[in-house]
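Bear in mind that the values in this text are calculations on the coordinates, not laboratory data. Source: prediction; values computed, not measured. Backbone-built Cβ (ideal geometry, glycine too); neighbour counts: all protein chains shown.
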Amino acid sequence: MVFIAGDFEASEILCNLPPHTLRVNLQSRRWFSDVDSEQAITDSNENGIPIEFVLLGFTPFFGNLGMRTTEEFIRIAYIGVTPKHRLLPPRCVTTTIISGKTSQKNFIGYFQNLFNNRINCASIITSTKFVQKSFNEKDPTTGMDGNKINYNCIEFNDRPPASKDETVLLEDISKWLSSNTDTLTSALRSHIPGSNLVELPFGEDHKAIKDQFIASMKNDGTLEGLGDVPRIAEGQKEESKPPVPTAEGQSRKKAPTQEELQAAWEAKQKETSGGAAVDF
């Protein structure tokens with residue numbers, strides 16, 4: 001097949017399986033390629049650029065991903081609007097999975113509100129912005145404010161389409177969704193390498209799902225409590241420790257004194273002479 005740059009239909013929307021994926025790094029305030037950590041959406045000065053997108057759908061998960069264990073995650077599917085960047089290809093479904101810890105609670109809350117309020121998210125454009133927030137640690141005894149902790153998070157704002165091209169994009173997305181919901185669902189549920197996740201469906205008891213997941217990990221031996229000391233598996237003998245050197249074992253035999261040598265010589269002479277003493 002011959003590839004010709006730009007030879008695509010104007011209304012075409014692409015959804016690969018597995019889908020194109022970006023990851024967000026709050027520490028560096030950048031959106032990165034999921035397959036090449038050196039590639040990020042930046043300007044000419046290597047500063048991270050917030051992105052704008054049309055949200056297509058999202059799915060909450062619970063489990064393990066990378067170094068994070070037994071945490072909540074949310075995976076979103078969207079089509080990028082700005083900036084024009086090769087990591088944010090136009091009319092291409094992109095997914096990102098983000099942890100639901102502390103500084104990213106606003107992230108999950110934003111999408112949860114869309115669902116609860118029955119907002120057609122494909123009718124608006126979502127603008128993201130990296131911001132720094134802070135809080136003061138509390139002294140557990142006195143309750144007084146302690147050190148100031150700064151952290152980065154993402155803020156979201158919704159806006160209507162600002163151009164004819166954006167209006168046409170929203171219309172094309174709505175048409176595409178009407179007949180491609182299964183494809184989008186497959187993209188949101190596609191396997192993420194290095195992950196062990198369970199979906200958290202809406203309207204179900206999430207606590208029961210989480211407890212069952214954690215229990216299965218404990219049964220498999222893949223989850224150990226913090227502070228647990230390593231234990232020896234059943235049927236495996238404990239390795240013997242190397243012997244500890246003692247003073248007795250380390251001491252060398254002392255050389256005999258002159259008196260000891262004389263006494264030993266006299267005793268030998270008595271044995272050879274029938275017990276009679278020999279004088280010199």
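Numbers for the structure displayed
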| read-out | value |
| --- | --- |
| Semi-axis lengths, Å, the range 148-204, gyration tensor of Cα atoms, sqrt of 5 times eigenvalues | 28, 25, 12 |
| Ranked list, fewest to most other Cβ atoms within 10 Å of each Cβ, for 82, 94, 185 | 185, 82, 94 |
| Within the range 20-220: Cβ-based charge dipole about Cα centre, in debye rounded to nearest 20 (Lys, Arg +1; Asp, Glu -1) | 140 debye |
| Sorted peptide list for 134-143, 173-182, 83-92, criterion being average Cβ within 10 angstrom, highest first | 83-92, 173-182, 134-143 |
| Taking the C-alpha atoms of the range 20-220, convex hull volume expressed per residue in Å³ | 166 Å³ |
| Sites residue 186 and residue 209, calculated FRET efficiency, Cβ-Cβ separation with R0 22 Å, nearest 0.05 | 0.55 |
| Calculated Rg and Dmax of the range 1-83 using C-alpha coordinates, Å | 15.6, 46 |
| Sites residue 199 and residue 36, calculated FRET efficiency, Cβ-Cβ separation with R0 22 Å, nearest 0.05 | 0.20 |
| Modelled label reach - residue 3, point 7 Å along Cα→Cβ, the range 41-69 residues with backbone N closer than 18 Å | none |
| Which of 118, 75 has the fewest Cβ neighbours within 10 Å, and the rest in rising order | 118, 75 |
| Inter-site label distance for residue 174 and residue 134 at 7 Å from Cα along Cβ, in nm | 4.5 nm |
| Added length on full extension, which subtracts the Cα-Cα distance from 0.36 nm per residue, residue 14 to residue 163 | 51.5 nm |
| Positive-end residue, the range 20-220 charge dipole about Cα centroid, Cβ charges, pick of 201, 150, 113 | 150 |
